[in-house]
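The values are calculated or read from the model by the stated rules, or taken from the named source; none is laboratory data. Keep in mind the model is a prediction, meaning the values are calculated, not measured. Cβ: placed from backbone, ideal geometry, glycine included. Neighbour counts: every protein chain shown. Ligands, DNA and RNA are excluded from the accessible area calculation, which covers all protein heavy atoms including side chains. Shrake-Rupley method; radii C 1.70, N 1.55, O 1.52, S 1.80 Å.
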Amino acid sequence: MTNKPLQILLTGIGINLTIGILYAWGVFSEPLAEALNLDATDIESPYKISVFTFATCLLLAGILQDKTGPKKVTMFGVSLVGLGLIASGYTTTLAELKFTFGGIVGAGMGFAYACISPSAMKWWPTNKKGLVSGLTAGGFAMAAVYLAPLSTTLIEHYGIYDTFKILGAGVLTIIPLASQLADPPTDYSAESLEANAGISSDHINLSWQQMLETPQFYQLWIMFMVSSAAGIMLIGSVGSISSSIGLTPDQIAFGVVLLAIFNTGGRVVGGLVSDRIGRVNTLALIFMLQAGNMVFFTTITAQIPLMVGIAIGAMSYGALFSVFPPMTADNYGLKNYGTNFGILYSAWGVSGFFGGFLTMLTGTTNNTYVAFSALLVAVTVIAFFTKPVDKV
């Protein structure tokens, strides 16, 4: 049992490293636009649908894994990601790609991702939950570090459609790894692993109905939605921005890798920082960093400033995924964590569409950046008014 927490943590990271195909979208967008004879801006819809499907299925998976455990749900999710990528390799229209990549791959990522963080956190003490959450979430973001150059090479040699088939087949090979994910025994106590671990959240067992009765949930939801919308807008537009300033495919791939590295680093650093200075203070720092970066993006016309903006945006966006999960566990407990965080994660699903709605309202991309900056300042204020949920 001594090495079991580390085994589960490494298993979760390994799964996320394989299914994190979403953050490599910047490499796929241009080849897909050419293959389907579309404008680069028109090809973003499968990505946005995937974000929404991811969040929706994460909620469903959270409910399932709370009742049945993570093993079967994770295996099902990994299977969907692999099969969805293979199916994407046979698409001939944008509508078909929306269904295969946006629907099937997005659903698979949601089902698998939903199980990894709660399972891992249950094995570790309270003062390590932020770090554990950051490491597991970091695996998902880190996938693009190898997927971006690998996909670029495969596309050059085999084309975009065969690349999807090859990647899908690769994902299916980790189903045996997914079968290793497990919750701890009922008599297991993570707090006994380390002295001075702090107050355990294991005794807090609020249901989703009780969670929705607390004002803190709605504060968290708004903060998560606005901040992730800002991050998704930047990540989803890396390919089109890079093309508009004349970057080559290799330079675009480098930008995607840079994004993945800082996205991952933000998740690990965010978890460490939140374990030490508190979740609310960490969120405030993240929001202000995002707000400044949004204004900076209105000035970008060359590669180096774009890379700097990508690094800052990815790091601050990534940190969100190491703060909101343990914050949910701190306030509402781990027993119903899958369901509770799945409901909160709906904010991330909505965020992709919120960014598009804000762009429609503001009229131009630069105006959208400025509007996001103002909203991020507003949620910083909300963060300081977010108090811990009374423990019952």
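What longest range of the chain stays clear of loop-exposed GluC sites (Glu not before Pro) (DSSP non-H/G/I/E/B, at most 15 other C-beta within 10 angstrom)?
1-193
Using a 10 angstrom Cβ neighbour count of at most 13 plus a DSSP loop assignment to flag exposed chymotrypsin sites (Phe, Trp or Tyr not before Pro), which longest range of the chain is free of such sites?
91-384
Rounded to the nearest 0.05, what FRET efficiency is calculated for residue 34 and residue 179 with R0 set to 45 Å and r the Cβ-Cβ distance?
For residue 34 and residue 179, the calculated efficiency is 0.70.
Using every alpha carbon pair in the chain, what percent of pairs falls into each 10 Å bin from 0 up to the bin containing the largest distance?
5, 25, 35, 24, 9, 1, 0
Under the rule of -39500 (n - 2.57) per DSSP H run of 4 or more residues, summed and divided by the residues of the chain, what mean residue ellipticity at 222 nm is obtained, to the nearest 500 deg cm²/dmol?
The helix contribution divided over the chain gives -25000 deg cm²/dmol.
Under a 1.4 angstrom probe, counting protein chains only, how are 43, 343 ranked by accessible area, largest first?
343, 43
What net charge is computed for the residues neighbouring residue 270, neighbours being all others with C-beta under 12 Å from the C-beta of residue 270, Lys and Arg scored +1, Asp and Glu -1?
Charge balance in the 12 Å sphere: +2.
Residue 365 to residue 353: extension gain in nm, 0.36 nm per residue of separation minus the Cα-Cα distance?
Computed gain between residue 365 and residue 353 is 2.8 nm.
What order do 63, 15, 155 take when sorted by accessible area (1.4 Å probe), most exposed first?
Of 63, 15, 155, the descending order of accessible area is 63, 155, 15.
Run the dipole for the chain about the Cα centre, Lys and Arg Cβ at +1, Asp and Glu Cβ at -1, nothing else charged, and hand back the magnitude in debye, nearest 20.
Value, rounded to 20: 700 debye.
Students often get this wrong, so check it: of 335/387; 98/335; 4/67; 72/129, which have C-alpha atoms separated by over 32 Å?
Correct reply: 98/335.
To the nearest 10 degrees, how steeply does helix 4-19 sit against the main Cα axis of the chain, on a 0 to 90 scale?
Approximately 20 degrees, to the nearest 10.
Compute the FRET efficiency between residue 219 and residue 158 as 1/(1 + (r/R0)^6), taking r as their Cβ-Cβ distance and R0 = 45 Å, and round to the nearest 0.05.
Result of the calculation: an efficiency of 0.40.
Can you give the accessible area per residue of the chain, in Å², using a 1.4 Å probe?
With all protein chains present, the chain gives 38 Å² per residue.
Name the aspartates and glutamates eligible as straight-distance cross-link partners of residue 71: C-alpha to C-alpha under 16 Å, and not fewer than 8 places from it in the same chain.
Hits, sequence-local ones excluded: 183.
Note down the Stokes-Einstein diffusion coefficient of region 252-392 in µm²/s, whole number, using a Kirkwood radius over alpha carbon pairs, 20 °C, and 1.002 mPa s.
132 µm²/s
Among 51, 309, 31, pick out the residue whose Cα is farthest towards the positive end of the charge dipole of the chain, where Lys and Arg carry +1 and Asp and Glu carry -1 on C-beta, about the Cα centre.
Ranked along the dipole, the leading option is 51.
Taking the Cβ of residue 244 as the centre, find all other residues whose Cβ is under 14 Å away and add up their charges (Lys, Arg: +1; Asp, Glu: -1).
The answer is -3.
With a cut-off of 8 Å between alpha carbons and a minimum separation of six or more residues, what is the relative contact order of region 285-392 in percent?
So the answer I get is 44 percent.
Hey, any idea what % of the chain's accessible area is carbon plus sulfur with a 1.4 Å probe?
After summing per-atom areas, the C and S share lands at 68 percent.
Taking the alpha-carbon centroid of each part, what is the distance from region 96-150 to region 341-359 in angstrom?
Taking the Cα centre of each part, region 96-150 and region 341-359 sit 17 Å apart.
Give a residue-ordered list of calculated ³J(HN,Hα) values for region 212-226 (Karplus: 6.51 cos²θ - 1.76 cosθ + 1.60, θ = phi - 60°; whole Hz; x for Gly, Pro).
5, 7, 9, x, 4, 4, 6, 5, 4, 4, 5, 4, 5, 5, 5
Find how much the distance from residue 296 to residue 205 grows on full extension, using 0.36 nm per residue of separation minus their present alpha carbon separation; answer in nm with one decimal.
28.5 nm
If you look at just the Cα atoms of region 222-330, how large are its Rg and its Dmax in Å?
14.2, 46
More than 12 angstrom separation, counting every C-alpha pair in region 1-44; what % is that?
Across region 1-44, Cα pairs with separations above 12 Å total 67 percent.
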